[in-house]
1. Check Ala266, Ala253, Ala237, Ala207 and return the single one that is modelled with pLDDT under 90, small (Gly, Ala, Ser) and under 24 Å from Pro305 (Cα atoms).
2. May I ask you to verify whether Leu379 is more than 26 Å from the chain's Cα centre (by Cα), of a type in the set (A, V, I, L, M, F, W, C) and surrounded by fewer than 21 Cβ atoms within 10 Å (Cβ to Cβ)?
3. State whether one or more residues within segment 349-364 are farther than 25 Å from Arg439 by Cβ, assigned to a helix (DSSP H, G or I), under 24 Å from the mean Cα position of the chain (by Cα) and hydrophobic (A, V, I, L, M, F, W, C).
4. So which of Leu425, Leu408, Leu437 ends up being closer than 23 Å to Glu334 by Cβ and at pLDDT 90 or above?
5. Of all the helices (runs of 4 or more DSSP H) wholly in segment 152-271, which have at least 1 residues that are without any contact (Cβ under 8 Å) to a residue 12 or more places away in the chain?
6. Out of the residues in segment 109-150 meeting the condition of being in a helix (DSSP H, G or I), hydrophobic (A, V, I, L, M, F, W, C) and more than 23 Å from Ala430 (Cβ to Cβ), tell me which one is modelled with the highest pLDDT.
7. Looking at segment 52-62, which of its residues are buried (at least 17 other Cβ atoms within 10 Å of the Cβ) and either farther than 17 Å from Ile423 by Cβ or of a type outside the set (Gly, Ala, Ser) (or both)?
8. Where residues in segment 405-420 are assigned to a helix (DSSP H, G or I) and over 18 Å from Ala327 (Cβ atoms), which of them is nearest to the chain's Cα centre (by Cα)?
Amino acid sequence: MVSGKIVSENTWLGSNRRLAKSIGRPVRNFLGIEASSGILLVIAALVALIWANSPWSGSYNDLWNTEIRVSLGDSISLDHHGHPITLGQFVNDVLMVLFFFVVGLEIKREMVTGHLKKIRDALLPLIAAIGGMVVPAVIFFAFNSSGEASDGWGIPMATDIAFAIGVVSLLGPRVPSVMKVFLLTLAIVDDIGGILVIAFFYTDDLASDWLYVSALTVLGVIVLKKLNVRYTPIYIALGILLWYSLFQSGVHATIAGVIMGLLTPATALISDKNTVSAAVEPAMQAQTDFSSLRKATFHLNASVPTTERFENLLHPLTGFIIIPIFALANAGVEISSDSLSDAVSSSVTRGVVIGLVVGKIVGVSLFTFIAIRLRVAKLPNDSNFRHVLGISAISGIGFTVSMFMTALAYDNAILQDESKVGILLASIFAAIIGLFLLRSVKVVEQEASFLEENKEVAQFN
């Protein structure tokens with residue numbers, strides 16, 4: 001028995017082979033931990049920091065500045081304004097599309113079957129997320145109201161879903177499940193806000209011809225959906241075309257991932273009530289008829305929504321490979337006494353740190369308080385306002401998306417480094433403050449419960 005699951009002795013992981021026992025099963029168990037993707041993200045960021053500040057720092061910069069030349073014939077090439085893209089740009093512009101595709105899938109699922117389906121259920125985290133975006137942006141702009149530095153106002157708006165959920169999961173049952181849902185919904189709305197900022201504010205000069213191609217591609221996807229076409233390779237081809245056309249248009253190409261995620265069907269081809277008759281009965285005949293088994297397998301697959309199937313397929317890829325690679329490529333900031341002193345005195349660093357740490361706490365908790373006082377929404381059951389304070393602090397972990405926005409907002413390497421230092425510091429502070437606040441809630445509740453029990457015992461005696 002491993003992690004509550006039976007491992008067949010016929011499989012490699014279930015065998016007594018040395019590699020299976022010493023590496024295979026421990027790795028499998030680690031990947032099954034809810035916080036594992038967040039842990040890998042932290043490890044990758046630490047490796048990047050150590051590497052960038054080691055005697056081999058030159059190799060770090062050389063690696064991510066390596067030019068990549070990809071072309072298909074003479075007319076189609078993967079370049080940025082006529083220049084070959086670097087390995088770092090490939091990570092940010094190509095690999096991260098899959099991450100944003102998964103984000104789009106999550107948003108679509110929540111809108112159709114999840115916590116964003118009913119506006120009343122989503123209202124409180126929606127209002128909280130607005131506060132968590134507006135207040136940090138205003139704080140940053142107060143420190144950087146002019147010049148190139150002001151372009152980074154969108155950086156402290158973001159919340160890193162994987163990192164934030166990973167930190168909260170460290171507390172286990174101390175945090176009520178309803179507050180984990182609150183954080184997830186808040187982070188998803190934050191992502192929607194961040195996506196809109198990227199689409200409308202962090203774009204280059206637009207090429208209208210390629211925008212027309214993008215629009216026609218999206219229209220084609222919508223038409224195929226209306227015709228109930230579920231042939232995945234067609235959508236993959238259209239998704240690649242949409243990505244390339246947006247990449248050439250000047251709109252950041254990762255928006256293609258979000259669009260395709262939002263257009264992915266969130267309903268099953270076969271309804272649940274028909275699944276048993278369509279799948280189980282043929283399966284009963286499978287011992288003598290392999291075609292019945294294939295038919296049963298088809299119907300079972302068709303009963304799972306497309307969004308869910310893609311999420312199950314891509315979550316491990318994005319969480320355990322792409323996001324750590326992104327952190328490795330973007331978190332390598334050279335830190336010395338001089339650079340740290342410059343960063344601390346930098347208005348960009350101060351704007352990012354105060355925006356993410358103070359701005360998120362003030363924005364999320366204040367807007368939540370106002371919504372409750374005005375009776376627009378109410379706190380979920382089994383939660384209190386101390387939970388909101390802890391969650392608001394955790395939402396200040398903006399690591400992945402904030403790093404991503406930094407690369408879009410600034411071409412100046414100095415401003416990029418100052419922003420990255422701020423993001424790293426803010427993520428650490430936000431995690432520590434959030435964990436402290438959420439742990440203190442449990443202590444308070446335990447003490448209250450203990451006093452109540454003693455009171456009842458005294459009355460009984």
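1. Testing whether each residue is modelled with pLDDT under 90, small (Gly, Ala, Ser) and under 24 Å from Pro305 (Cα atoms) leaves just Ala266.
2. So Leu379 fails the test.
3. yes
4. Leu425
5. Working: elements: 161-169, 177-200, 208-226, 232-249, 255-263.
Helices (runs of 4 or more DSSP H) meeting the threshold: 177-200, 208-226, 232-249.
6. The selected residue is Leu123.
7. Step one: list which residues in segment 52-62 are buried (at least 17 other Cβ atoms within 10 Å of the Cβ), which gives 52, 60.
The answer is Tyr60, and nothing else.
8. The qualifying residue nearest to the chain's Cα centre (by Cα) is Ala409.
The values are calculated or read from the model by the stated rules, or taken from the named source; none is laboratory data. None of the values given here were measured: they were computed from a predicted structure. In this analysis, Cβ positions are derived from the backbone assuming ideal geometry, glycine residues included, and neighbour counts consider all displayed protein chains.
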